[in-house]
Structure formats: structure tokens, C-alpha cells
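For reference, the structure is listed below as C-alpha cells.
The values are calculated or read from the model by the stated rules, or taken from the named source; none is laboratory data. Since we're looking at a predicted model, the values are computed, not measured. So basically every Cβ, Gly included, is an ideal-geometry build from the backbone, and we count neighbours across all protein chains shown.
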Amino acid sequence: MNKTVVRSSLTEQVYMLIINKIQDNTLSQGDRINIEELARDFDVSRTPVREAINRLIQEGFVEQVHNVGPRIITLNKQKMLDLAFTNAILFTGILESLIGTKHKDKMVAELTAVLDKQNECLEKQTFEKYFLYAIDFHKVFINHCENQKLRQLTLQTQTQIDMFVLYYNRSEANRENSIDDHTKLLHYFIQDDYDNLISAMKEHNINANNYFKNKSNFKFLD
């Protein structure tokens, strides 16, 4: 049965519904996105669908292909492993750049707010929103990095890897582990314990990396 959006914040709702279609494999990797079809499916005009797709393109979930149109990006295990390795290296640089940051109080407030939202979503079993907050936690660190080039490179890699985060967080156990990791990361940041912060972030990335490395065959990835 088709889902119909409530007539408020249409672009945001369409965005969430498309994310849900990706999550449940209604839209799979490489699938072309038909704007007209989605507009009919969601009972909205084409404008909020286009706006939602533009956001998905910016965030790395969708690519615009010449003479084809928008389609879900194509993923495979090796690409994920390469991205995870690159992201881990870049994130070490991000964290090192934040040592002694003058934005610490603001960052602590932002990280705490995101973590609270993650816990709330975990309790309510609202998967799609949990996924977005899980991404936001990492982006707080990235957004406060004052090295513009490092910030840009890390953000590009992070948005590309977010599709894998979407798959990883389908598992309730992985969601719980992610919150535990984020709680630990926030603690180390508050304590200015950057050695353990960097070590814990590497371990956090390795946990997700090993999850996919040990998956020999599953639907979402080749």
C-alpha cells in the first residue's frame, strides 16, 4: 500500500520516505528514480520530490547520470572498505585539529543534543530518524574543523559512506553499540582526552568496517 504524506514540510517528508524506500530495498542500488512516479506514490507535486532528490544528491545517496537522470548510487563491499579506511585517516586529522578548540562548549552542547535524540529514537524504534542523528554526531566534529580543505575532504568521504551507515544501523544491536560508542566519544571529548578520543573513534569505525568485511553475501551490497 502506498504511503501518503501529511500536508506539512513536504520536502522533508518526501526525503524521509525515499530514505525508507532505500532502507527497505524498494529502491535498490543503481535504480533510476522516477520523479513522476514518486509524486503519484506520495500524492504530492513534483517540486518537493525534486527538492528531496537534490538533497539526496548532495548527501551522496543519489547520483545524477547524463541521459539517465537521478539514480541510487551503486555500492560494493570493496568500495565500502576503501571509504572506511580513508574516512578513518581523515577523521584522525579532524580530531587532532580540534585540540584546544575555542568551540568546545558549543560542540559539547551539540553532541549531547544529538546523542539525546539518538537515545529517543532508539526507544521509539524510529529507524530513519535515528540514522540521520547517527550521521549528525560525526558531522559536529567535521563542521567545527577550521582546516577548510580537511573539512571538505572528510565531509565528502562521510557523505559517501553514509549509505553504508544506513545499512549498518538496520540492526538494533548495531544501533545500541553505536550509541555506546558515541557516549564514550563524548566523554573523552569533554575530558580533553584526545588520545583516547582518537583511539575510540578508530575502534568505532573498525567495528562498522568489520561488520561489512565479515558479510560474504547480502542483498544490499554486491
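General observations
- Positions within the range 15-61 being hydroxyl-bearing (Ser, Thr, Tyr) and closer than 18 Å to Gln160 by Cα, in sequence order: Tyr15, Ser28
- Meets criteria (hydroxyl-bearing (Ser, Thr, Tyr), under 18 Å from Thr86 (Cα atoms) and assigned to a helix (DSSP H, G or I)) for Thr112: no
- Single residue of Leu38, Leu81, Leu56 found to be assigned by TED's automatic domain parsing to the domain that holds Thr157 and either closer than 28 Å to Tyr168 by Cβ or at pLDDT 95 or above (or both): Leu81
- Scope the range 42-97; condition in contact with a Leu (Cβ under 8 Å, 6 or more places away or on another chain), surrounded by 14 or more Cβ atoms within 10 Å (Cβ to Cβ) and over 18 Å from Asn20 (Cα atoms); matching residues: Lys77, Met80, Leu90, Gly93, Ile94, Leu95, Ser97
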